[in-house]
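Enquirer: Have a look at the structure that comes next, please.
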Amino acid sequence: MNHFGIRQAPNVNWCKELRWRSPPSPNTVALVSYPGSGNTWLRYLLQQVTGIVTGSIYMDYGLRVHGFPAENITDGSVLVVKTHEAPPLEPSKFKSAIILIRNPRDAILFQLMWC
């Protein structure tokens, strides 16, 4: 981490050039998980395979500068929207959801390592 608290990581070499969904979908899909369950890893894989950016209800500047340009974007211009909120704060915003589940012990231990 640098002195701003931003994770230092190499830039990502994308398999496909990243693009926004065009035209935007009227159906926004939530990608819901407990923190530490691999939500960002799944977003990375989805972006690699499809070339379409994934969004988030959060603004993680470290992710934004390292290959996730749609942090804090929650509309149909992205493939899925990361959230740890269940149910989401704005349930009418999402038409469907993908729920990502990891062994709870592993997810909790992962979170404890960062405390």
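The values are calculated or read from the model by the stated rules, or taken from the named source; none is laboratory data. This is a predicted model, so every value here is computed, not measured. With ideal geometry, Cβ positions are generated from the backbone for all residues, glycine too; neighbour counts draw on all protein chains shown. The accessibility values were calculated without ligands, DNA or RNA, using every heavy atom of the protein model including side chains. Shrake-Rupley method; radii C 1.70, N 1.55, O 1.52, S 1.80 Å.
Enquirer: Within the range 6-24, does at least one residue satisfy the condition of being out of contact with any His (no Cβ under 7 Å at 6 or more places or on another chain), at pLDDT 90 or above, loosely packed, with under 12 Cβ neighbours inside 10 Å and assigned to a loop (DSSP other than H, G, I, E, B)?
Expert: There is at least one residue in the range 6-24 that is out of contact with any His (no Cβ under 7 Å at 6 or more places or on another chain), at pLDDT 90 or above, loosely packed, with under 12 Cβ neighbours inside 10 Å and assigned to a loop (DSSP other than H, G, I, E, B).
Enquirer: How many residues are open to solvent by 60 Å² or more (accessible area, probe 1.4 Å) and closer than 18 Å to Ala30 by Cα when one looks only at the range 50-71? Even if it seems obvious, please write down each step before you answer.
Expert: Here is the first cut: in the range 50-71, the residues open to solvent by 60 Å² or more (accessible area, probe 1.4 Å) are 58-59, 61, 64-65.
Next, from what is left, pick out any that are closer than 18 Å to Ala30 by Cα: 58-59.
So the answer is 2.
Enquirer: Filter the range 33-49 down to residues that are in contact with a strand residue (DSSP E or B) (Cβ under 8 Å, 6 or more places away or on another chain) and open to solvent by 20 Å² or more (accessible area, probe 1.4 Å) and give me whichever is nearest to Pro104 (Cα to Cα).
Expert: Filtering the range 33-49 for residues in contact with a strand residue (DSSP E or B) (Cβ under 8 Å, 6 or more places away or on another chain) gives 33, 37-40, 42-43, 46.
Then keep just the ones that are open to solvent by 20 Å² or more (accessible area, probe 1.4 Å); that gives 38, 40, 42, 46.
Details: Gly38: 12, Thr40: 17, Leu42: 17, Leu46: 23 Å.
Per the criteria, the residue is Gly38.
Enquirer: Name the residues in the range 28-47 that are of a type outside the set (S, T, N, Q) and farther than 18 Å from Ser77 by Cβ, would you?
Expert: At the first step, the residues of the range 28-47 found to be of a type outside the set (S, T, N, Q) are 29-32, 34-36, 38, 41-46.
Within the range 28-47, Val32, Tyr34, Pro35, Gly36, Gly38, Trp41, Leu42, Tyr44, Leu45 meet the criteria.
Enquirer: Would you check if there is a residue in the range 59-81 being free of Cβ contacts under 8 Å to residues at least 40 places away in the same chain, among the basic types (Lys, Arg) and farther than 23 Å from Asp106 by Cα?
Expert: yes
Enquirer: Could you list, in sequence order, the residues of the range 25-37 that are under 14 Å from the mean Cα position of the chain (by Cα), farther than 19 Å from Met59 by Cβ and at pLDDT 90 or above?
Expert: Val29
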